[in-house]
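Here the structure is laid out as structure tokens; the discussion comes afterwards.
The values are calculated or read from the model by the stated rules, or taken from the named source; none is laboratory data. Everything numeric here is computed off the predicted structure, so don't read it as measured data. Cβ coordinates were reconstructed from backbone atoms using ideal geometry, including for glycine residues, and neighbour counts include every protein chain displayed. The accessibility values were calculated without ligands, DNA or RNA, using every heavy atom of the protein model including side chains. Shrake-Rupley method; radii C 1.70, N 1.55, O 1.52, S 1.80 Å.
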Amino acid sequence: MAADHEYRFSFGPWNIGEGADPFGPEVRTPYTFAKKLDWFESLGFEGVQFHDDDVVENLEELSPEKCLEKAREVRKVLEDRSLVAEFVAPRLWFHPQTVDGGFTANSAADRQYALDRTLRTIDIAREVGTKAVVIWLAREGTYIREAKDAKLAYERILETLNKMLAYDPEISIWIEPKPNEPTDQAYVPTIGHAVAMAYQSDDPSRVGGLIESAHALLAGLDPADEMAFALAHDKLGSVHLNDQNGLKYDQDKSFGSANLRSAFNQVRVLDENGYGKRGEFIGLDVKVMRTQRQEGSVDHLVNSKATFLHLVEKVRTLDKDLERQYIEARDYEALDAYILRHLMGISS
Ligand code: XUL
Ligand code: MN
């Protein structure tokens, strides 16, 4: 398929999971990092998304020098396979000092921990070969509104962004908004919030966003329009394509699995606006169903990528003249029916 060569794809090693959920343990045995990298190559994914501790396991126990040495080793492993690191994200939600959040924690010591760990992530990113740092503000929020001063929390997030920008003049920060989970109410819940913070920062040109389809849906928003907003501000650093069936826990379903038309419109906004032409990745953040057997561990990645490429074809084979005629006539019923026929593969 032609579009296969036009787009670069990425996913994170956590996307090949073992199926644990809050109600039950793993149901598949883990694969080694090397085996996962084999799949990146064989399935046609060039970019590897990383958390800091996906690059350097047990990084808290290592000296800064040892940590960077390990990151360099990973870079070499990637280079040998013609893979690249797309971004590194600090995992600021696991450690005991992140129980109340990181940048917005009420404890000054915990805030310092979060900053130190984030600056360490920047060092790791450089050594592993990327200048992009993703900030998913996992626990930057509250379970009850009175627990934190929200205005102060936003000021603290901004202060951290500025410290990151000053620490390394070459890095870019992509904020990945999510409105809830694990907290009840998260700060920076939408791309609008992220873009506002970018403009407020000391170097707006180096702050953008990463839009995950499921996160936008959890905020009650349309992922395609969220992407359009970021593109209109030239602030779409990357995407996490996936799907979400209504307002429930973050499902990370295969792309297009719950709402094919929504997936079509996400691909449409990306493809028609030249997303990817400057090297941006089509990133996935998808989870295989817990019911899947061991040998099906990567099917969700294969299927999501295939769906994306089929939808690129659908976008490019849409009859633009017909579309224009319907729009000019303000006949959106006809346009609606035409889109459905097109998606169903009915030609007339
Ligand atoms: C959480 C989520 C994360 C980020 C990276 O919902 O999507 O995996 O993408 O930290
Ligand atoms: Mn994500």
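Okay, here's what the table says:
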read-out: 16 Å tail of the calculated P(r), the range 258-328, as % of Cα pairs; value: 60
read-out: Portion, in percent, of the accessible area of the chain that falls on carbon or sulfur, probe 1.4 Å; value: 52
read-out: Over the chain: helical MRE at 222 nm, DSSP H runs n ≥ 4 each giving -39500 (n - 2.57), nearest 500; value: -13500 deg cm²/dmol
read-out: Reciprocal mean inverse distance between Cα atoms of the range 203-268 - Kirkwood radius, Å; value: 12.0
read-out: Set of lysines with alpha-carbon distance to LYS314 below 20 Å, sequence-local pairs under 8 removed; value: LYS277, LYS305
read-out: Test item: Cα-centred dipole of the range 181-329, Lys/Arg +1 and Asp/Glu -1 on Cβ, debye; value: 360
read-out: Residue-level accessible surface for VAL55, protein heavy atoms, 1.4 Å, Å²; value: 10
read-out: Added length on full extension, which subtracts the Cα-Cα distance from 0.36 nm per residue, SER107 to GLN185; value: 26.2 nm
read-out: Mean-position separation - Cα centroids, the range 31-61 and the range 84-136, in angstrom; value: 18
read-out: Net length gained if the chain between ASN162 and ALA334 were fully extended (0.36 nm per residue, minus Cα distance); value: 57.0 nm
read-out: The range 158-232: GluC sites (Glu not before Pro) in DSSP loop, at most 16 other beta carbons within 10 Å; value: GLU170
read-out: Tensor-based shape of the range 116-169 (alpha-carbon gyration tensor, a/c under 1.5 rounded, otherwise prolate or oblate); value: prolate
read-out: Nearby lysines by direct alpha-carbon distance to LYS148 (threshold 19 angstrom, same-chain neighbours under 8 apart not counted); value: LYS178
read-out: Unit charges at the beta carbon, dipole of the range 1-61: most positive-side option, ASN15, GLY44, TYR31; value: GLY44
read-out: Rounded to the nearest 20 debye, dipole of the chain from Cβ charges on Lys, Arg, Asp, Glu; value: 160
read-out: Average accessible area per residue (Å²) across the chain - probe 1.4 Å, nucleic acids and ligands excluded; value: 47
read-out: Counting DSSP beta bridges with both ends in the chain, the antiparallel % (nearest 5); value: 15
read-out: Gyration tensor (alpha-carbon) shape descriptor, the range 4-317, a/c threshold 1.5; value: rounded
read-out: Square roots of 5 times each gyration tensor eigenvalue, C-alpha, the range 57-145, largest first, Å; value: 28, 14, 9
read-out: Cβ-derived FRET efficiency at R0 41 Å, VAL27 paired with MET344, nearest 0.05; value: 0.70
read-out: Options VAL188, ALA125, ALA109, ranked by Cα towards positive dipole end of the range 4-317, top entry (Cβ charges); value: VAL188
